[in-house]
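S.K.: Would you mind keeping the following structure in view while I ask a few things?
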Amino acid sequence: MPAHVAESDSTPDPTGPTDPTGATDPADPLAHERAHLAASRAALRGMREDVQALDIRDVTANWVNAEVLQAQIDDRIKALADLSHTPLFFGRLDYLHAVGGELAEGADGERFYIGRRHVHDAAGDPMVIDWRAPVSQPYYQASRTNPQDVGLRRRFGYTGGELTAYEDEHLTDPAEAEHTSRLLQTEIERPRVGPMRDIVATIQPEQDEIVRSGLGGTVCVQGGPGTGKTAVGLHRVAFLLYAHRERLARTGTLVIGPNRSFLHYIEQVLPALGELEVKQATVDDLVRTGVEVRGEDEAATAVVKGDARMAEVLRRAIRSHVTAPVEPVVVVRGSRRWRVPAYEIQEMVDELLARDMRYGAAHEALPQRIAHAVLVRMEEAGEAPDDRVQNSVARNPAVKAAVKAVWPAVDPAKVVLRLLSDAEFLAAHAGGLLSEEEQKRLLWAKPARSVKSAKWSAADAVLIDEAGDLVARTHSLGHVVLDEAQDLSPMQYRAVGRRCSTGSATVLGDLAQGTTPWSTESWGEALFHLGKADAVVEELTAGFRVPREVIAYASRLLPAISPGLAAVESVRESPGSLAVREVPGGTDELDAAVVAACEESLRHEGSIGLIAADARIPVLGAALEAAGHAYLSPGEETTAASRLTLVPASLAKGLEYDYVVLDEPAAVVDGEPDERTGLRRLYVALTRAVSGLIVLHAAPLPEALVQA
């Protein structure tokens, strides 16, 4: 017996039949489900109105408490918003027995509607269960071989936010044949206009296991194009906030992406799941707190600056400011003089160095150590000093002068400035770590006069961040999600690792998509630099987004760009989804063919991405405008009226479009500093399509691509 599927094109009736017993009306089950949807939305409005009606005037002691409480109420009101275009629930579970115990003989099992957030009625009874709740997990994990006490799993189909279809699986019925959910497939393939959507209705079992893994450990997800690794990472944040809300409310969460366009693309996923407090940033955002980045490094220079050896160079440079005391400290209090000899101060310095304290903490500790030595002498002389006296001695001019001479305060940016400007200073601290050639690469041709006038690069900002952490500990968050992690340098990994040194991380990436000269070769190496060497590495190899024909074509590049990495096995067959066309003639003919291919793609529903080498973007932009086609830039939100985005290949990573037109693959490869990086950039560009890809070329295709 096949699974039951019902569809309707009729307008949902919000006043349709309801059944207080919760039993499905056999005459019109779709009407019953629509009625439950209407009742659930009404209950959500009631929950929101209850919060809006709260009067806090009599429960706050002062205006500060009132402001804090009002902010919490405002956040709660936002979280309870009913997004009309987003299904409130997308599935249903009918358990065979009561959850947590047996029912009386002859009684029905429990029924739960699974949705994006919890909804209860006026009596407090649940109408929709949050997808993150334990009782919801069988929706993603139950199968015929392991039904987990689920008799029926029902999926719902929506059009424009209205419930239009349902599909049933009877997991314990041996007569029902195994099948692929048509509604699930439709949801995966639904045209995408606007920012990235959540995948909460389509999470697969292997994805669900990663999403629900605990907060205590770090998880690294290796996933090829279309495996949903980014969405898995975002849903993992939502799950952790549900399961550990109080803890993460104190410690904080952060999502780190490769660029602003990418962050804009994903920014609506968590709010759609009711999570509004997760901050987003790029690595550059994290480290650009003290200097302005105005310069750029050559690739070879950036590789040296991003090398983990620079951490030890900086540590040596910071510690070089500590000098041996040359004279005693004499503290005058009233008519008495208290003397601490130089050798005793040296012992204090040696102890602080041996403890490997952060430089700034030791700078603060040394005057207290000296003051304590003075107090010991006072007590030996019969006085009874207390903590106030010790603090006073620590602020004594003689003590302050001694600390300034022995352990002076340092400015991290000035230390990095000197390393990049002073060949002797660099050589003194890079000796045995960096070769002479590497040291020459680091030195500025024209040294800057000051921190403000220096043309700092992005890699320099990371060095300053490292130096800053050597002086004062960087604040650690409870959980960090790092996406497109394969592109980070060792020093960037260290910068991210500092932000979760006492917390955990979700690391997402694909080694085959590493497109920086310093991209990592293995997750073991990356996780070591991140400070999470004990992380669990999971691999997603089932593709749900990119059609099988497209991913197979792109996977021809894998032996050249990432030998040994498993190719993605797409579950989606889409005949005709790939077209590779050679364009005879020159640049003008290619430009015209690209415009025609965009027009061809625009006849389909959904978003269109025209991806090209960065150098080709101005030319193609002019060709589109001449043909009367307006276009967006990456990061601008597509709409029903504006669906075409012109995408430089350097910004394509992480983005998805229903249809992609790829201009001149050879130009994409040639636009990178080396062939491997160029082929990896091409691999990224080839795998951005969800429904169809047209490849146009006038120059010969790269050899790695034409080889079967």
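The values are calculated or read from the model by the stated rules, or taken from the named source; none is laboratory data. All of these numbers come straight from a predicted model, not from anything done at the bench. Cβ atoms come from the backbone with ideal geometry, glycine included; neighbour counts cover every protein chain shown. All accessible areas refer to the heavy atoms of the entire protein, side chains included, with ligands and DNA or RNA removed. Shrake-Rupley method; radii C 1.70, N 1.55, O 1.52, S 1.80 Å.
S.K.: Within the chain, what whole-number % of the accessible surface is contributed by carbon and sulfur, with the 1.4 Å probe and all protein chains included in the calculation?
M.R.: After summing per-atom areas, the C and S share lands at 51 percent.
S.K.: At 1.4 Å probe size, with no ligands or nucleic acids counted, give the accessible surface of Lys279 in Å², nearest ten.
M.R.: In the full protein context, Lys279 sits at about 140 Å².
S.K.: Student exercise: in the chain, how many lysine pairs 8 or more apart or on different chains have Cα atoms under 13 Å apart?
M.R.: 4
S.K.: Moving to a separate point now. In whole Å, how far is the Cα centre of segment 421-444 from that of segment 320-339?
M.R.: When both Cα centres are located, 36 Å separates them.
S.K.: Is the C-alpha gyration tensor of segment 247-333 telling us rounded, prolate or oblate? Criteria: a/c under 1.5 is rounded; beyond that, a/b larger than b/c is prolate, otherwise oblate.
M.R.: Oblate is the answer for segment 247-333, as a/c is 1.5 or above yet b/c matches or exceeds a/b.
S.K.: Compute the acute angle (0 to 90°) between the alpha-carbon long axis of helix 458-471 and the principal axis of greatest extent of the alpha-carbon atoms of the chain; round to the nearest 10°.
M.R.: 60 degrees
S.K.: Separate question: How much accessible area per residue does segment 400-484 have, in Å², with a 1.4 Å probe? Before the final figure, lay out each step's value.
M.R.: Details: 4080 Å² over 85 residues.
Dividing the accessible area of segment 400-484 by its residue count gives 48 Å².
S.K.: Okay, next question. Would you indicate which of (i) 25.8; (ii) 27.7; (iii) 29.4 is the value of Kirkwood radius over Cα pairs in Å derived from the coordinates of this structure?
M.R.: (iii)
S.K.: Taking the Cα centre as origin and putting +1 on Lys and Arg beta-carbons and -1 on Asp and Glu beta-carbons, what dipole magnitude results for segment 253-312, to the nearest 20 debye? Walk me through the intermediate numbers first.
M.R.: Numbers: 6 positive and 11 negative charges, 9 e Å.
Dipole magnitude for segment 253-312 comes out near 40 debye.
S.K.: Okay, next question. Rounded, prolate or oblate: which one fits segment 439-533, using the alpha carbon gyration tensor with axes a ≥ b ≥ c (rounded when a/c is under 1.5, else prolate when a/b beats b/c, else oblate)?
M.R.: Details: a/c = 2.61, a/b = 1.42, b/c = 1.83.
Because a/c hits 1.5 or more and a/b fails to exceed b/c, segment 439-533 counts as oblate.
S.K.: Per residue, what volume in Å³ does the convex hull of the Cα atoms of segment 378-522 enclose?
M.R.: Given the Cα convex hull of segment 378-522, per-residue volume reads 211 Å³.
S.K.: Quick one: net charge around Cys500, please, counting Lys, Arg +1 and Asp, Glu -1 for every other residue with C-beta under 12 Å from its C-beta.
M.R.: Neighbour charge sum, excluding Cys500 itself: +4.
S.K.: Could you work out [θ]222 nm for the chain from helices alone, using -39500 (n - 2.57) per DSSP H run of at least four and dividing by all its residues? Round to the nearest 500 deg cm²/dmol.
M.R.: Mean residue ellipticity at 222 nm (helix-derived): -11500 deg cm²/dmol.
S.K.: Need the full-extension length gain, Glu383 to His475, defined as separation in residues times 0.36 nm minus the C-alpha distance. One decimal, nm.
M.R.: On the way: separation 92, 0.36 × 92 = 33.12 nm, distance 4.14 nm.
Once the chain is fully extended between Glu383 and His475, it gains 29.0 nm.
S.K.: Please give the charge dipole size of the chain, origin at the Cα centre, charges +1 on K and R Cβ atoms and -1 on D and E Cβ atoms. Round to the nearest 20 debye.
M.R.: Approximately 3240 debye in magnitude.
S.K.: Sequence gap at least 6, Cα distance under 8 Å: using those rules, report the relative contact order of the chain to the nearest whole percent. Mind showing how you got there, number by number?
M.R.: Values: 1260 pairs, mean separation 94.0, N = 708.
Relative contact order of the chain: 13 percent.
S.K.: A further question on this structure: Kindly express, to the nearest 10 degrees and within the range 0 to 90, the angle between helix 359-380's C-alpha long axis and the longest C-alpha principal axis of the chain.
M.R.: 40 degrees
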